[in-house]
Amino acid sequence: MPTATIVRGVPGSGKSSLARIWSVEGFGDIISADDFFMKGGKYYFDPRLLPQAHAQCFSHFLEYVKSGRSVIVDNVHSQKWEYKNYQLAAEMMGFEIKVFEIPCHDLDTLRMFQARNIHNVPWHTIEAIWNRWEMDSSAQIVS
């Protein structure tokens, strides 16, 4: 049975590293809204284009599920509604759905994540993501 794996966490938490490991282990190809901002091997983020980035990511996701191929979604998804459409589409296509969450319980951990995030997401943005974070009790916790 093909699998749709959703990896969620604040920037710098290790989502992309986990996704790469799982992809190498054969759990599916990785898609991410970050892919939208890659040009010639460099990352050029523009917050005004986030809606288009997420639309493109979901479009790629639909290509995977329509073709029956397992896929890993590597996005922040701070609130459950942000990945609900992925779950519904995968469910409709008979996929197994796995949600993995990398928790951040305190400011010290958040500062550590901010220091190691590779896209230079500013502190105020990471803190805002953390403040609006919605835990998913059905997600598997990765520590």
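Scan region 107-138 residue by residue and report those that are in contact with a Pro (Cβ under 6 Å, 6 or more places away or on another chain) and within 20 Å of Glu82 (Cα to Cα). Hits for region 107-138 are Val121, Ile126.
The set of residues in region 81-93 that are closer than 21 Å to Val10 by Cβ and either touching a Pro at 6+ places or on another chain (Cβ under 9 Å) or surrounded by 18 or more Cβ atoms within 10 Å (Cβ to Cβ) (or both) comprises Tyr83, Tyr86. The residues in region 1-29 that are without any contact (Cβ under 8 Å) to a residue 60 or more places away in the chain, more than 26 Å from Asp108 (Cα to Cα) and either open to solvent by less than 60 Å² (accessible area, probe 1.4 Å) or in a loop (DSSP other than H, G, I, E, B) (or both) can be counted, and the count is 6. Could you say which residue among Ser67, Ser78 is at negative phi, open to solvent by 50 Å² or more (accessible area, probe 1.4 Å) and among the hydroxyl-bearing types (Ser, Thr, Tyr)? Result: Ser67 is the single residue among Ser67, Ser78 that is at negative phi, open to solvent by 50 Å² or more (accessible area, probe 1.4 Å) and among the hydroxyl-bearing types (Ser, Thr, Tyr). Taken over region 96-143, the criterion of being in a loop (DSSP other than H, G, I, E, B), of a type outside the set (Phe, Trp, Tyr) and surrounded by 14 or more Cβ atoms within 10 Å (Cβ to Cβ) is satisfied by Ile102, Pro103, Cys104, Asn117, Val121, Asp136, Ala139, Val142.
The values are calculated or read from the model by the stated rules, or taken from the named source; none is laboratory data. From a predicted model like this one, the values you see are computed outputs, not experimental measurements. Positions of Cβ are backbone-derived with ideal geometry, glycine not excepted, and every protein chain shown enters the neighbour counts. Each accessible area value is taken on the protein alone, full model and side chains, heavy atoms only, with ligands, DNA and RNA left out. Shrake-Rupley method; radii C 1.70, N 1.55, O 1.52, S 1.80 Å.
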